[in-house]
1. Taking residue A:63 as meeting all but one of (1) in contact with a strand residue (DSSP E or B) (Cβ under 6 Å, 6 or more places away or on another chain); (2) within 14 Å of another protein chain (Cβ to nearest Cβ), write down the number of the exception.
2. Looking at (1) under 19 Å from residue A:217 (Cα atoms); (2) outside any strand (DSSP E or B), can you tell me which one residue B:31 breaks?
3. Restricting the search to the range A:229-251, which residues are more than 16 Å from the ligand (Cβ to nearest atom), touching a strand residue (DSSP E or B) at 6+ places or on another chain (Cβ under 9 Å) and in a loop (DSSP other than H, G, I, E, B)?
4. Just one of the numbered conditions (1) free of Cβ contacts under 8 Å to residues at least 24 places away in the same chain; (2) open to solvent by 60 Å² or more (accessible area, probe 1.4 Å); (3) among the basic types (Lys, Arg) is not true of residue B:44; which one?
5. Suppose we filter the range A:5-36 for residues that are away from the ligand (no atom under 15 Å from the Cβ), in contact (Cβ under 8 Å) with a residue 60 or more places away in the chain and either closer than 15 Å to residue A:254 by Cα or surrounded by fewer than 24 Cβ atoms within 10 Å (Cβ to Cβ) (or both); how many remain?
6. Among A:335, A:351, A:302, which is the only one that is farther than 18 Å from residue A:7 by Cα, free of Cβ contacts under 8 Å to residues at least 24 places away in the same chain and among the small types (Gly, Ala, Ser)?
7. Please indicate, with yes or no, whether at least one residue in the range A:316-327 is within 16 Å of the ligand (Cβ to nearest atom), assigned to a helix (DSSP H, G or I), buried (at least 22 other Cβ atoms within 10 Å of the Cβ) and at pLDDT 95 or above.
8. Kindly indicate the residue of the range A:285-299 that is crowded, with 22+ Cβ neighbours inside 10 Å and without any contact (Cβ under 8 Å) to a residue 60 or more places away in the chain and also nearest to residue A:260 (Cα to Cα) among those meeting that condition.
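The values are calculated or read from the model by the stated rules, or taken from the named source; none is laboratory data. Predicted model, so just to flag it, every value in this text is computed and none were measured. Glycine gets a Cβ as well: all are built from the backbone with ideal geometry, and neighbour counts include every protein chain shown. What goes into the accessible areas is simple: the full protein's heavy atoms, side chains included, and nothing from ligands, DNA or RNA. Shrake-Rupley method; radii C 1.70, N 1.55, O 1.52, S 1.80 Å.
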Amino acid sequence: MLKTDIAIIGAGPAGLNAAISAASMGAGVLLLDRDEFVGGQLIKQTHKFFGSREQHASTRGIDIAGLLHEKVKEYKNIELRLGATVLGYYPDGVITAEYQGRLLKIKAQRYIVATGAAEKSLPFPNNDLPGIYGAGAVQTLTNVYGVLPGQRVLMVGSGNIGLIVSYQLMQAGVEVAGIVEAAPNIGGYLVHAAKIRRAGVPVFTSHTIKEAYGDSVVQGAVIWQLDEKWQPVPGTEKDIKADVICVAVGLTPLTELLWQAGCKMKFVSQLGGHVPVRDENMMTTMPDIYVAGDVSGVEEASAAMVEGKIAGLCAAASIGCSTGEFDELRSRALSQLAELRSGPAGEKIRSGLKLLV
Amino acid sequence: MRIEEHPVLTFQRGEKVKFYFDGKEIEGYEGEPIAAALHAAGVRILRHSHKKNRPRGFYCAIGNCSSCLMVVDGTPNVRVCVEKLKAGMRVETQQGRGELIAKD
Ligand SMILES: Cc1cc2nc3c(=O)[nH]c(=O)nc-3n(C[C@H](O)[C@H](O)[C@H](O)COP(=O)(O)OP(=O)(O)OC[C@H]3O[C@@H](n4cnc5c(N)ncnc54)[C@H](O)[C@@H]3O)c2cc1C
(Lines give C-alpha, C1' and ligand atoms only; values in the text may rest on other atoms or scores of the structure.)
Protein backbone atom coordinates (compact mmCIF):
# COMPACT_ATOMS: atom_id res chain seq x y z
CA MET A 1 0.00 0.00 0.00
CA LEU A 2 1.31 3.39 -1.04
CA LYS A 3 0.70 6.11 1.55
CA THR A 4 0.64 9.82 0.90
CA ASP A 5 -0.91 13.01 2.25
CA ILE A 6 -2.72 13.99 -0.93
CA ALA A 7 -3.30 11.91 -4.05
CA ILE A 8 -4.28 13.81 -7.17
CA ILE A 9 -6.02 11.99 -10.01
CA GLY A 10 -5.37 13.64 -13.37
CA ALA A 11 -2.39 15.80 -14.35
CA GLY A 12 -4.12 18.26 -16.66
CA PRO A 13 -3.98 22.00 -15.89
CA ALA A 14 -6.20 21.50 -12.81
CA GLY A 15 -4.26 18.57 -11.34
CA LEU A 16 -0.84 20.12 -12.02
CA ASN A 17 -1.79 23.34 -10.26
CA ALA A 18 -3.36 21.43 -7.39
CA ALA A 19 -0.11 19.48 -6.96
CA ILE A 20 2.05 22.61 -6.99
CA SER A 21 -0.16 24.44 -4.48
CA ALA A 22 -0.48 21.50 -2.10
CA ALA A 23 3.26 20.86 -2.26
CA SER A 24 4.03 24.52 -1.61
CA MET A 25 2.11 24.13 1.66
CA GLY A 26 4.40 21.23 2.59
CA ALA A 27 2.06 18.33 1.83
CA GLY A 28 3.37 15.11 0.33
CA VAL A 29 1.69 14.69 -3.06
CA LEU A 30 1.20 11.70 -5.33
CA LEU A 31 0.15 12.90 -8.79
CA LEU A 32 -1.32 10.25 -11.11
CA ASP A 33 -2.29 10.35 -14.77
CA ARG A 34 -3.32 7.54 -17.08
CA ASP A 35 -1.48 9.18 -19.98
CA GLU A 36 2.25 8.94 -20.52
CA PHE A 37 2.52 12.73 -20.44
CA VAL A 38 1.21 15.57 -18.29
CA GLY A 39 -1.00 18.41 -19.50
CA GLY A 40 -4.31 16.70 -20.30
CA GLN A 41 -6.17 18.57 -23.02
CA LEU A 42 -3.51 21.29 -23.12
CA ILE A 43 -1.10 19.29 -25.21
CA LYS A 44 -3.25 19.47 -28.31
CA GLN A 45 -3.85 23.20 -28.05
CA THR A 46 -1.54 24.97 -30.42
CA HIS A 47 -3.23 28.36 -30.29
CA LYS A 48 -2.52 31.18 -27.85
CA PHE A 49 -4.69 31.32 -24.76
CA PHE A 50 -7.12 33.89 -23.48
CA GLY A 51 -7.26 34.96 -19.87
CA SER A 52 -5.15 37.05 -17.55
CA ARG A 53 -1.36 36.98 -17.39
CA GLU A 54 -1.44 34.91 -14.24
CA GLN A 55 -3.23 32.15 -16.20
CA HIS A 56 -0.59 32.28 -18.96
CA ALA A 57 -2.59 34.34 -21.46
CA SER A 58 -1.04 34.47 -24.93
CA THR A 59 1.03 31.34 -24.30
CA ARG A 60 0.18 28.25 -26.33
CA GLY A 61 -1.57 25.45 -24.43
CA ILE A 62 1.19 22.94 -25.19
CA ASP A 63 3.79 25.33 -23.75
CA ILE A 64 1.76 25.88 -20.57
CA ALA A 65 1.86 22.13 -19.98
CA GLY A 66 5.67 22.24 -20.24
CA LEU A 67 5.97 25.18 -17.83
CA LEU A 68 3.78 23.47 -15.23
CA HIS A 69 5.67 20.20 -15.61
CA GLU A 70 8.98 22.00 -14.88
CA LYS A 71 7.45 23.50 -11.76
CA VAL A 72 6.20 20.13 -10.55
CA LYS A 73 9.72 18.71 -10.95
CA GLU A 74 11.10 21.42 -8.62
CA TYR A 75 9.18 19.93 -5.69
CA LYS A 76 10.79 16.96 -3.98
CA ASN A 77 7.50 16.29 -2.21
CA ILE A 78 5.61 15.62 -5.45
CA GLU A 79 5.82 12.10 -6.81
CA LEU A 80 4.53 11.91 -10.37
CA ARG A 81 3.39 8.59 -11.80
CA LEU A 82 2.39 8.53 -15.44
CA GLY A 83 0.60 5.63 -17.11
CA ALA A 84 -1.38 5.12 -13.88
CA THR A 85 -5.12 4.71 -14.43
CA VAL A 86 -7.15 5.13 -11.27
CA LEU A 87 -9.84 2.45 -11.21
CA GLY A 88 -11.85 2.80 -8.05
CA TYR A 89 -12.42 4.30 -4.63
CA TYR A 90 -13.22 1.94 -1.76
CA PRO A 91 -15.21 2.51 1.45
CA ASP A 92 -12.03 2.42 3.57
CA GLY A 93 -10.72 5.43 1.67
CA VAL A 94 -8.29 3.46 -0.48
CA ILE A 95 -8.02 3.94 -4.24
CA THR A 96 -6.66 1.44 -6.74
CA ALA A 97 -4.76 2.15 -9.93
CA GLU A 98 -3.45 0.09 -12.81
CA TYR A 99 0.24 0.88 -13.18
CA GLN A 100 2.74 -0.96 -15.35
CA GLY A 101 0.54 -4.04 -15.49
CA ARG A 102 0.09 -4.13 -11.72
CA LEU A 103 -2.63 -3.05 -9.33
CA LEU A 104 -1.53 -0.28 -6.97
CA LYS A 105 -3.33 0.39 -3.71
CA ILE A 106 -3.07 3.94 -2.49
CA LYS A 107 -4.17 5.46 0.79
CA ALA A 108 -4.16 9.22 1.00
CA GLN A 109 -5.61 11.54 3.60
CA ARG A 110 -7.17 13.63 0.85
CA TYR A 111 -7.95 13.04 -2.80
CA ILE A 112 -8.24 15.69 -5.48
CA VAL A 113 -10.15 14.40 -8.49
CA ALA A 114 -9.12 16.33 -11.62
CA THR A 115 -10.07 13.85 -14.34
CA GLY A 116 -11.36 16.42 -16.85
CA ALA A 117 -14.15 15.78 -19.34
CA ALA A 118 -15.06 13.65 -22.36
CA GLU A 119 -16.48 14.71 -25.69
CA LYS A 120 -20.18 14.34 -26.24
CA SER A 121 -21.67 12.60 -29.24
CA LEU A 122 -24.75 13.56 -31.25
CA PRO A 123 -27.59 11.26 -32.31
CA PHE A 124 -28.22 11.08 -36.07
CA PRO A 125 -28.50 8.16 -38.51
CA ASN A 126 -25.11 6.55 -39.27
CA ASN A 127 -23.29 8.56 -36.59
CA ASP A 128 -21.13 5.51 -35.94
CA LEU A 129 -19.50 5.41 -39.38
CA PRO A 130 -15.70 5.46 -39.33
CA GLY A 131 -14.59 9.01 -40.18
CA ILE A 132 -17.04 10.60 -37.74
CA TYR A 133 -14.81 11.74 -34.90
CA GLY A 134 -14.88 13.98 -31.88
CA ALA A 135 -13.30 17.36 -32.63
CA GLY A 136 -10.82 16.94 -29.79
CA ALA A 137 -9.88 13.54 -31.21
CA VAL A 138 -9.12 15.09 -34.57
CA GLN A 139 -7.10 17.75 -32.80
CA THR A 140 -5.09 15.07 -31.04
CA LEU A 141 -4.47 13.17 -34.26
CA THR A 142 -3.46 16.29 -36.18
CA ASN A 143 -1.64 18.44 -33.62
CA VAL A 144 0.01 15.80 -31.47
CA TYR A 145 0.74 13.00 -33.94
CA GLY A 146 0.85 14.88 -37.23
CA VAL A 147 -1.64 12.63 -38.99
CA LEU A 148 -4.39 14.21 -41.09
CA PRO A 149 -7.92 12.95 -40.42
CA GLY A 150 -8.88 13.20 -44.11
CA GLN A 151 -9.12 15.72 -46.92
CA ARG A 152 -12.45 17.46 -46.44
CA VAL A 153 -14.08 17.98 -43.06
CA LEU A 154 -17.61 18.93 -42.08
CA MET A 155 -17.63 20.47 -38.59
CA VAL A 156 -20.73 20.13 -36.42
CA GLY A 157 -20.83 22.84 -33.73
CA SER A 158 -19.56 26.41 -33.81
CA GLY A 159 -18.48 26.82 -30.20
CA ASN A 160 -14.84 27.70 -29.53
CA ILE A 161 -13.71 24.12 -30.01
CA GLY A 162 -15.48 23.78 -33.38
CA LEU A 163 -14.03 27.07 -34.56
CA ILE A 164 -10.50 26.49 -33.30
CA VAL A 165 -10.27 22.96 -34.64
CA SER A 166 -11.62 24.11 -38.04
CA TYR A 167 -8.92 26.76 -38.18
CA GLN A 168 -6.18 24.37 -37.12
CA LEU A 169 -7.28 21.85 -39.75
CA MET A 170 -6.97 24.53 -42.42
CA GLN A 171 -3.49 25.38 -41.10
CA ALA A 172 -2.60 21.72 -41.56
CA GLY A 173 -3.87 21.77 -45.15
CA VAL A 174 -7.30 20.17 -44.73
CA GLU A 175 -10.32 21.66 -46.49
CA VAL A 176 -13.24 22.60 -44.23
CA ALA A 177 -16.49 22.09 -46.16
CA GLY A 178 -18.56 24.03 -43.66
CA ILE A 179 -19.62 24.43 -40.05
CA VAL A 180 -23.12 23.40 -39.01
CA GLU A 181 -24.66 25.17 -36.02
CA ALA A 182 -28.15 24.48 -34.65
CA ALA A 183 -28.44 27.86 -32.91
CA PRO A 184 -29.22 31.00 -34.92
CA ASN A 185 -25.79 32.45 -34.03
CA ILE A 186 -22.17 31.31 -33.90
CA GLY A 187 -21.40 30.06 -30.38
CA GLY A 188 -17.70 30.81 -30.02
CA TYR A 189 -15.69 33.99 -29.58
CA LEU A 190 -15.71 36.57 -32.35
CA VAL A 191 -11.92 36.41 -32.91
CA HIS A 192 -12.10 32.74 -33.78
CA ALA A 193 -15.22 33.18 -35.93
CA ALA A 194 -13.59 36.02 -37.86
CA LYS A 195 -10.62 33.82 -38.86
CA ILE A 196 -13.03 31.22 -40.20
CA ARG A 197 -15.12 33.74 -42.07
CA ARG A 198 -12.03 35.33 -43.64
CA ALA A 199 -11.01 31.93 -44.95
CA GLY A 200 -14.37 31.70 -46.71
CA VAL A 201 -15.72 28.70 -44.82
CA PRO A 202 -19.54 28.65 -44.90
CA VAL A 203 -21.22 28.62 -41.50
CA PHE A 204 -24.71 27.10 -41.63
CA THR A 205 -26.47 28.57 -38.61
CA SER A 206 -29.97 27.26 -37.71
CA HIS A 207 -28.98 23.98 -39.35
CA THR A 208 -28.42 20.49 -38.10
CA ILE A 209 -27.22 17.22 -39.51
CA LYS A 210 -30.05 15.02 -40.84
CA GLU A 211 -27.96 11.97 -41.56
CA ALA A 212 -24.50 10.88 -42.52
CA TYR A 213 -23.95 8.43 -45.36
CA GLY A 214 -21.20 6.30 -46.72
CA ASP A 215 -20.36 2.77 -47.67
CA SER A 216 -18.42 1.49 -44.62
CA VAL A 217 -16.69 4.88 -44.10
CA VAL A 218 -18.28 8.32 -44.14
CA GLN A 219 -18.61 10.01 -47.53
CA GLY A 220 -20.85 12.94 -46.69
CA ALA A 221 -23.87 14.22 -44.85
CA VAL A 222 -27.24 15.73 -45.48
CA ILE A 223 -27.92 18.83 -43.41
CA TRP A 224 -31.19 20.72 -43.05
CA GLN A 225 -32.49 23.93 -41.62
CA LEU A 226 -34.18 24.37 -38.24
CA ASP A 227 -37.12 26.74 -37.71
CA GLU A 228 -37.46 29.03 -34.70
CA LYS A 229 -38.87 26.12 -32.69
CA TRP A 230 -35.76 24.03 -33.55
CA GLN A 231 -37.81 21.76 -35.83
CA PRO A 232 -36.25 20.63 -39.12
CA VAL A 233 -37.75 22.16 -42.26
CA PRO A 234 -38.36 19.52 -44.98
CA GLY A 235 -37.23 20.63 -48.42
CA THR A 236 -34.18 22.53 -47.08
CA GLU A 237 -31.80 19.56 -47.30
CA LYS A 238 -28.27 20.16 -48.57
CA ASP A 239 -25.81 17.43 -49.45
CA ILE A 240 -22.24 18.04 -48.30
CA LYS A 241 -19.46 15.71 -49.37
CA ALA A 242 -16.86 15.08 -46.69
CA ASP A 243 -14.58 12.22 -45.70
CA VAL A 244 -14.53 13.37 -42.07
CA ILE A 245 -17.31 14.70 -39.86
CA CYS A 246 -16.10 16.37 -36.69
CA VAL A 247 -18.51 16.49 -33.77
CA ALA A 248 -17.89 19.52 -31.55
CA VAL A 249 -21.00 19.66 -29.42
CA GLY A 250 -19.40 20.07 -26.03
CA LEU A 251 -17.87 18.04 -23.27
CA THR A 252 -19.26 16.24 -20.26
CA PRO A 253 -17.43 15.76 -16.93
CA LEU A 254 -15.66 12.44 -16.28
CA THR A 255 -17.24 11.80 -12.90
CA GLU A 256 -17.25 7.99 -12.52
CA LEU A 257 -14.92 8.02 -9.51
CA LEU A 258 -17.04 10.64 -7.75
CA TRP A 259 -20.24 8.66 -8.28
CA GLN A 260 -18.56 5.55 -7.06
CA ALA A 261 -17.20 7.24 -3.97
CA GLY A 262 -20.69 8.43 -3.09
CA CYS A 263 -20.23 12.18 -3.60
CA LYS A 264 -23.53 14.00 -3.99
CA MET A 265 -24.04 14.79 -7.69
CA LYS A 266 -26.38 17.17 -9.45
CA PHE A 267 -27.37 17.60 -13.09
CA VAL A 268 -26.52 21.13 -14.23
CA SER A 269 -26.71 21.51 -18.00
CA GLN A 270 -24.73 24.79 -17.96
CA LEU A 271 -21.77 22.83 -16.53
CA GLY A 272 -21.96 19.97 -19.02
CA GLY A 273 -23.99 17.33 -17.17
CA HIS A 274 -23.76 15.72 -13.75
CA VAL A 275 -21.31 17.55 -11.50
CA PRO A 276 -20.31 17.14 -7.86
CA VAL A 277 -21.88 19.36 -5.23
CA ARG A 278 -18.99 21.15 -3.49
CA ASP A 279 -18.18 24.19 -1.39
CA GLU A 280 -16.12 27.26 -2.24
CA ASN A 281 -12.94 25.38 -1.28
CA MET A 282 -13.72 22.68 -3.88
CA MET A 283 -14.51 20.07 -1.18
CA THR A 284 -17.25 17.62 -2.22
CA THR A 285 -19.84 16.18 0.16
CA MET A 286 -17.17 13.59 1.06
CA PRO A 287 -14.74 15.49 3.30
CA ASP A 288 -11.72 13.58 1.98
CA ILE A 289 -12.51 14.29 -1.70
CA TYR A 290 -11.85 17.57 -3.47
CA VAL A 291 -12.40 18.35 -7.15
CA ALA A 292 -10.94 20.81 -9.67
CA GLY A 293 -11.22 21.60 -13.36
CA ASP A 294 -13.59 20.27 -16.00
CA VAL A 295 -14.71 17.33 -13.82
CA SER A 296 -16.41 19.84 -11.56
CA GLY A 297 -18.05 21.66 -14.48
CA VAL A 298 -16.87 22.08 -18.08
CA GLU A 299 -15.30 25.50 -18.37
CA GLU A 300 -11.86 26.37 -19.70
CA ALA A 301 -8.23 25.89 -18.81
CA SER A 302 -7.71 29.18 -16.98
CA ALA A 303 -10.54 28.41 -14.56
CA ALA A 304 -9.30 24.82 -14.23
CA MET A 305 -5.87 26.09 -13.16
CA VAL A 306 -7.28 28.44 -10.52
CA GLU A 307 -9.65 25.77 -9.20
CA GLY A 308 -6.66 23.46 -8.97
CA LYS A 309 -4.83 26.03 -6.85
CA ILE A 310 -7.80 26.42 -4.51
CA ALA A 311 -8.29 22.66 -4.14
CA GLY A 312 -4.57 22.11 -3.52
CA LEU A 313 -4.31 24.85 -0.90
CA CYS A 314 -7.51 23.88 0.92
CA ALA A 315 -6.90 20.13 0.87
CA ALA A 316 -3.42 20.73 2.33
CA ALA A 317 -4.79 23.11 4.98
CA SER A 318 -7.45 20.56 5.94
CA ILE A 319 -4.77 18.07 7.04
CA GLY A 320 -2.88 20.63 9.08
CA CYS A 321 -0.34 21.96 6.57
CA SER A 322 0.08 25.69 6.86
CA THR A 323 1.86 28.69 5.53
CA GLY A 324 1.59 32.33 6.58
CA GLU A 325 0.34 33.19 3.13
CA PHE A 326 -2.56 30.72 3.02
CA ASP A 327 -5.39 33.22 3.55
CA GLU A 328 -3.97 35.64 1.04
CA LEU A 329 -3.32 32.96 -1.60
CA ARG A 330 -6.76 31.50 -1.18
CA SER A 331 -8.60 34.79 -1.40
CA ARG A 332 -6.50 35.90 -4.38
CA ALA A 333 -7.42 32.69 -6.21
CA LEU A 334 -11.09 33.11 -5.36
CA SER A 335 -11.15 36.61 -6.77
CA GLN A 336 -9.29 35.49 -9.92
CA LEU A 337 -11.97 32.90 -10.43
CA ALA A 338 -14.71 35.50 -9.99
CA GLU A 339 -12.95 37.73 -12.51
CA LEU A 340 -12.63 34.93 -15.07
CA ARG A 341 -16.37 34.30 -14.75
CA SER A 342 -17.40 37.95 -14.89
CA GLY A 343 -19.09 39.60 -17.85
CA PRO A 344 -21.48 38.16 -20.42
CA ALA A 345 -19.14 35.27 -21.39
CA GLY A 346 -19.30 33.96 -17.81
CA GLU A 347 -23.07 34.16 -17.48
CA LYS A 348 -23.68 30.50 -18.30
CA ILE A 349 -21.11 29.28 -15.76
CA ARG A 350 -22.33 31.68 -13.08
CA SER A 351 -25.93 30.56 -13.43
CA GLY A 352 -24.81 26.91 -13.32
CA LEU A 353 -22.69 27.39 -10.22
CA LYS A 354 -25.54 29.05 -8.36
CA LEU A 355 -27.26 25.69 -8.40
CA LEU A 356 -24.27 23.99 -6.83
CA VAL A 357 -22.23 25.79 -4.22
CA MET B 1 -1.69 11.01 -44.58
CA ARG B 2 1.14 12.51 -42.56
CA ILE B 3 1.77 16.20 -42.11
CA GLU B 4 5.32 16.92 -43.21
CA GLU B 5 5.31 20.70 -42.90
CA HIS B 6 3.23 22.77 -40.49
CA PRO B 7 3.23 26.55 -39.83
CA VAL B 8 3.32 26.23 -36.00
CA LEU B 9 4.16 22.66 -35.08
CA THR B 10 7.00 20.25 -35.39
CA PHE B 11 6.42 16.57 -34.74
CA GLN B 12 8.81 14.43 -32.79
CA ARG B 13 8.38 10.97 -34.17
CA GLY B 14 9.90 7.75 -32.92
CA GLU B 15 11.80 5.28 -35.01
CA LYS B 16 10.09 4.02 -38.16
CA VAL B 17 8.98 0.43 -37.57
CA LYS B 18 7.10 -2.32 -39.34
CA PHE B 19 3.95 -3.91 -37.93
CA TYR B 20 1.10 -6.04 -39.22
CA PHE B 21 -2.51 -5.11 -39.87
CA ASP B 22 -4.64 -8.18 -40.54
CA GLY B 23 -1.50 -9.94 -41.64
CA LYS B 24 -0.35 -7.22 -44.02
CA GLU B 25 2.95 -5.49 -43.27
CA ILE B 26 2.72 -1.70 -42.86
CA GLU B 27 4.86 1.05 -41.36
CA GLY B 28 4.39 3.46 -38.48
CA TYR B 29 6.42 5.31 -35.88
CA GLU B 30 7.26 3.60 -32.65
CA GLY B 31 5.47 5.12 -29.65
CA GLU B 32 2.60 6.74 -31.52
CA PRO B 33 -0.89 5.37 -30.85
CA ILE B 34 -1.66 2.35 -33.03
CA ALA B 35 -4.76 4.17 -34.33
CA ALA B 36 -2.62 7.08 -35.58
CA ALA B 37 -0.30 4.71 -37.45
CA LEU B 38 -3.27 2.88 -38.98
CA HIS B 39 -4.98 6.11 -39.96
CA ALA B 40 -1.80 7.38 -41.60
CA ALA B 41 -1.73 4.15 -43.59
CA GLY B 42 -5.34 4.72 -44.69
CA VAL B 43 -6.99 2.24 -42.29
CA ARG B 44 -10.12 3.70 -40.74
CA ILE B 45 -12.22 0.61 -39.96
CA LEU B 46 -10.94 -0.83 -36.71
CA ARG B 47 -13.63 -3.29 -35.70
CA HIS B 48 -17.19 -4.46 -36.36
CA SER B 49 -19.91 -4.02 -33.76
CA HIS B 50 -21.19 -7.14 -32.01
CA LYS B 51 -24.93 -6.98 -32.79
CA LYS B 52 -25.22 -5.44 -36.23
CA ASN B 53 -21.71 -5.99 -37.50
CA ARG B 54 -21.34 -2.28 -38.31
CA PRO B 55 -17.88 -0.90 -39.07
CA ARG B 56 -16.40 1.28 -36.36
CA GLY B 57 -13.49 3.70 -36.23
CA PHE B 58 -12.14 5.66 -33.28
CA TYR B 59 -14.11 8.50 -31.72
CA CYS B 60 -12.50 10.18 -28.69
CA ALA B 61 -8.79 9.38 -29.08
CA ILE B 62 -8.18 9.65 -25.33
CA GLY B 63 -9.13 6.15 -24.23
CA ASN B 64 -12.65 6.90 -23.03
CA CYS B 65 -15.26 5.73 -25.47
CA SER B 66 -14.37 2.12 -26.48
CA SER B 67 -15.08 2.74 -30.15
CA CYS B 68 -11.59 1.62 -31.24
CA LEU B 69 -11.19 -1.83 -29.69
CA MET B 70 -8.92 -4.16 -31.68
CA VAL B 71 -7.02 -7.40 -31.20
CA VAL B 72 -3.34 -6.67 -30.55
CA ASP B 73 -0.86 -9.54 -30.35
CA GLY B 74 -3.77 -11.84 -29.60
CA THR B 75 -5.28 -9.69 -26.83
CA PRO B 76 -8.80 -8.45 -27.63
CA ASN B 77 -10.42 -5.15 -26.60
CA VAL B 78 -7.23 -3.07 -26.77
CA ARG B 79 -7.96 0.66 -27.05
CA VAL B 80 -5.73 1.40 -30.01
CA CYS B 81 -6.23 5.17 -29.72
CA VAL B 82 -3.95 5.15 -26.67
CA GLU B 83 -1.98 1.90 -27.00
CA LYS B 84 1.50 2.66 -28.27
CA LEU B 85 2.89 1.10 -31.41
CA LYS B 86 5.85 -1.27 -31.13
CA ALA B 87 7.85 -2.93 -33.86
CA GLY B 88 6.38 -6.21 -35.08
CA MET B 89 2.98 -5.83 -33.41
CA ARG B 90 0.17 -7.89 -34.91
CA VAL B 91 -2.95 -5.74 -35.02
CA GLU B 92 -6.22 -7.28 -36.15
CA THR B 93 -9.72 -5.99 -36.89
CA GLN B 94 -11.94 -7.08 -34.01
CA GLN B 95 -15.20 -8.86 -34.81
CA GLY B 96 -17.85 -8.40 -32.15
CA ARG B 97 -16.94 -8.92 -28.52
CA GLY B 98 -13.42 -10.04 -27.89
CA GLU B 99 -13.01 -13.36 -26.08
CA LEU B 100 -11.20 -12.70 -22.81
CA ILE B 101 -10.55 -16.34 -22.07
CA ALA B 102 -9.02 -18.39 -24.83
CA LYS B 103 -11.00 -21.48 -25.83
CA ASP B 104 -9.04 -24.73 -25.97
C1 LIG C 1 -10.07 22.05 -28.68
C2 LIG C 1 -10.02 22.71 -27.35
C3 LIG C 1 -9.63 24.04 -27.27
C4 LIG C 1 -9.57 24.70 -26.04
N5 LIG C 1 -9.15 26.02 -25.97
C6 LIG C 1 -9.04 26.66 -24.77
C7 LIG C 1 -8.56 28.03 -24.65
O8 LIG C 1 -8.24 28.70 -25.62
N9 LIG C 1 -8.49 28.60 -23.44
C10 LIG C 1 -8.84 27.89 -22.33
O11 LIG C 1 -8.74 28.44 -21.23
N12 LIG C 1 -9.30 26.61 -22.38
C13 LIG C 1 -9.42 25.97 -23.57
N14 LIG C 1 -9.91 24.65 -23.65
C15 LIG C 1 -10.41 23.98 -22.43
C16 LIG C 1 -9.32 23.36 -21.60
O17 LIG C 1 -8.48 22.55 -22.39
C18 LIG C 1 -9.93 22.49 -20.49
O19 LIG C 1 -10.90 23.25 -19.82
C20 LIG C 1 -8.85 22.07 -19.49
O21 LIG C 1 -7.88 21.27 -20.12
C22 LIG C 1 -9.46 21.31 -18.32
O23 LIG C 1 -8.42 20.94 -17.46
P24 LIG C 1 -8.53 19.69 -16.47
O25 LIG C 1 -7.24 19.60 -15.78
O26 LIG C 1 -9.76 19.84 -15.68
O27 LIG C 1 -8.80 18.43 -17.41
P28 LIG C 1 -7.93 17.74 -18.57
O29 LIG C 1 -7.07 18.70 -19.27
O30 LIG C 1 -8.95 17.00 -19.37
O31 LIG C 1 -7.02 16.71 -17.80
C32 LIG C 1 -7.55 15.58 -17.14
C33 LIG C 1 -6.46 14.56 -16.97
O34 LIG C 1 -6.94 13.50 -16.14
C35 LIG C 1 -6.48 12.27 -16.63
N36 LIG C 1 -7.39 11.22 -16.17
C37 LIG C 1 -8.72 11.09 -16.43
N38 LIG C 1 -9.23 10.00 -15.81
C39 LIG C 1 -8.20 9.41 -15.14
C40 LIG C 1 -8.09 8.25 -14.31
N41 LIG C 1 -9.14 7.47 -14.02
N42 LIG C 1 -6.86 7.94 -13.80
C43 LIG C 1 -5.79 8.71 -14.07
N44 LIG C 1 -5.84 9.82 -14.84
C45 LIG C 1 -7.03 10.17 -15.37
C46 LIG C 1 -6.47 12.46 -18.13
O47 LIG C 1 -5.55 11.58 -18.76
C48 LIG C 1 -6.02 13.92 -18.27
O49 LIG C 1 -4.62 14.05 -18.41
C50 LIG C 1 -9.95 23.99 -24.87
C51 LIG C 1 -10.34 22.62 -24.95
C52 LIG C 1 -10.36 21.98 -26.16
C53 LIG C 1 -10.76 20.51 -26.22
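1. (1)
2. (1)
3. Scanning the range A:229-251 gives A:230, A:233, A:234, A:235, A:236, A:237, A:242, A:243.
4. It fails just one condition, (2).
5. 3
6. Numbers: A:351 fails: free of Cβ contacts under 8 Å to residues at least 24 places away in the same chain; A:302 fails: free of Cβ contacts under 8 Å to residues at least 24 places away in the same chain.
Result: A:335 is the single residue among A:335, A:351, A:302 that is farther than 18 Å from residue A:7 by Cα, free of Cβ contacts under 8 Å to residues at least 24 places away in the same chain and among the small types (Gly, Ala, Ser).
7. Checking the range A:316-327: not a single residue is within 16 Å of the ligand (Cβ to nearest atom), assigned to a helix (DSSP H, G or I), buried (at least 22 other Cβ atoms within 10 Å of the Cβ) and at pLDDT 95 or above.
8. Taking the range A:285-299 as the starting set, the residues that turn out to be crowded, with 22+ Cβ neighbours inside 10 Å are A:289-299.
Still in the list and also without any contact (Cβ under 8 Å) to a residue 60 or more places away in the chain: A:296-297, A:299.
Working: A:296: 15, A:297: 18, A:299: 23 Å.
Looking at residues that are crowded, with 22+ Cβ neighbours inside 10 Å and without any contact (Cβ under 8 Å) to a residue 60 or more places away in the chain, I get A:296.
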